[in-house]
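The values are calculated or read from the model by the stated rules, or taken from the named source; none is laboratory data. This is a predicted model, so every value here is computed, not measured. Note: ideal-geometry Cβ built from the backbone for every residue, glycine included; neighbour counts use all protein chains shown. Just so you know, the surface numbers come from the protein's heavy atoms only, side chains and all, with ligands and any DNA or RNA stripped out. Shrake-Rupley method; radii C 1.70, N 1.55, O 1.52, S 1.80 Å.
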Amino acid sequence: MKIAFVGKGGSGKTTLSSLFLRHLAAQRAHVIAMDADINQHLGGALGLDEDEAAALPAMGAHLPLIKDHLRGTNPRIASADTMIKTTPPGEGSRLLRVREENPVYEACARAVRLDGGEIRLMVTGPFTESDLGVACYHSKVGAVELCLNHLVDGPDEYVVVDMTAGSDSFASGLFTRFDMTFLVAEPTRKGVSVYRQYKEYARDFGVALKVVGNKVQCPDDVDFLRAEAGEDLLVTVGQSDWVRAMEKGRPLHFGRLEQQSRQALGVLQDAADRSYGSRDWERYTRQMVHFHLKNAESWGNAKTGTDLAAQVDPSFAIGEPAAGVGAPQPA
């Protein structure tokens, strides 16, 4: 399953995504985690110290390698330079698998040991001083989108993405790349404003969206979120001494996480697992192509000097290898 955590800045989405990753790791699940927020906090939330987090390789810095690998022998893509963040795979493209080894993971992913298990962590990389005035972080997050467009995952595999704050993911088609989107909302007017915006934007694209109420202190907080989100409110989470200790740099064993929080994480996993049964590979491919053509027309063709619509392979549909379509190509 591909799972996104979204929400306004300060809502706790990174904390909750890190807890969910620990929950999966404790089950020995096969997991890839991606930090797609330009404010790179996921590594720290997973227990890395500042030096370890700073040493993580940036996907944005390896974009040429990512493009070259994913292009494979696809005859519709003349060169890696003509690939943009929305370029879809086609016949001859190399696809990524959660459990495999490949040059992209070798360059961009690092194993992170957690209580009871291990995950692969990939990060976009921070916004640097050299980017000021000449670029925006969407070029860095584009590495995440390219990888997700070419990633084939199964029902017992998890790709968890900590997204950029607010509704910035709507700047491309990235918000449609997930089987389940968890929107983390505090019980405040500002907390639910991002939910309303996300719900409106996602309405026409079949995005599975559930609200996770965070920092809930009393029944009135739950009632407020229920009134604002209705049936989209999946579960609520209150204050946690375990999280407070982690944020102080004094992490406890994950087994000591409060029972209420553990139950909430189980609810999230159940919702994500159920969402996979509704995955529509044809719609997934169709939406990928839709946003690629929009980006090509609005800026991509001018930037690359190429008609990027020609990159679309009308006979190709990404899907699970067992279904006989979208099978990864040999390296």
In the stretch 39-54, residue most open to solvent (accessible area, probe 1.4 Å) [restricted to those that are in contact (Cβ under 8 Å) with a residue 40 or more places away in the chain and hydrophobic (A, V, I, L, M, F, W, C)]: Leu48
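Okay, residues lined up against (1) at pLDDT below 95; (2) more than 19 Å from the chain's Cα centre (by Cα); (3) basic (Lys, Arg):
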| site | (1), (2), (3) |
| --- | --- |
| Thr14 | yes, no, no |
| Val31 | no, no, no |
| His41 | yes, no, no |
| Ser93 | no, yes, no |
| Val98 | no, no, no |
| Val104 | no, no, no |
Checklist (1) over 26 Å from Gly277 (Cα atoms); (2) surrounded by fewer than 20 Cβ atoms within 10 Å (Cβ to Cβ) applied to Ser11, failing item: (2)
Subset tally (residues that are in a loop (DSSP other than H, G, I, E, B) and buried (at least 21 other Cβ atoms within 10 Å of the Cβ)) for the stretch 96-113: 0
The stretch 114-162, subset open to solvent by less than 30 Å² (accessible area, probe 1.4 Å) and part of a loop (DSSP other than H, G, I, E, B), residue modelled with the highest pLDDT: His150
Which numbered condition Val104 misses (of (1) free of Cβ contacts under 8 Å to residues at least 60 places away in the same chain; (2) out of contact with any His (no Cβ under 9 Å at 6 or more places or on another chain)): (2)
So Leu70, is it in a helix (DSSP H, G or I), farther than 30 Å from Lys190 by Cα and open to solvent by less than 20 Å² (accessible area, probe 1.4 Å): yes
Among (1) over 24 Å from Gly319 (Cα atoms); (2) assigned to a loop (DSSP other than H, G, I, E, B); (3) acidic (Asp, Glu) - the single one Asp81 does not satisfy: (2)
Verdict on Arg286 being within 25 Å of the chain's Cα centre (by Cα) and closer than 19 Å to Val160 by Cα: no
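Look at Ala26 and say whether it is among the aliphatic types (A, V, I, L, M), over 12 Å from Val123 (Cβ atoms) and open to solvent by 30 Å² or more (accessible area, probe 1.4 Å).
yes
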1 or more residues open to solvent by 30 Å² or more (accessible area, probe 1.4 Å), at pLDDT 95 or above and in contact with a strand residue (DSSP E or B) (Cβ under 7 Å, 6 or more places away or on another chain): qualifying helices (runs of 4 or more DSSP H) within the stretch 178-254: 219-229
Any hit, the stretch 212-225, residues being under 24 Å from Gly277 (Cα atoms) and touching a helix residue (DSSP H, G or I) at 6+ places or on another chain (Cβ under 8 Å): yes
Checking Ala317 against (1) in a helix (DSSP H, G or I); (2) open to solvent by less than 90 Å² (accessible area, probe 1.4 Å); (3) touching a helix residue (DSSP H, G or I) at 6+ places or on another chain (Cβ under 9 Å), the condition it does not meet: (1)
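May I ask you to say which residue of Lys67, Lys13, Lys2 is among the basic types (Lys, Arg), touching a residue at least 12 places away in the same chain (Cβ under 8 Å) and closer than 29 Å to Arg250 by Cβ?
Lys13 is the lone residue from the list that is among the basic types (Lys, Arg), touching a residue at least 12 places away in the same chain (Cβ under 8 Å) and closer than 29 Å to Arg250 by Cβ.
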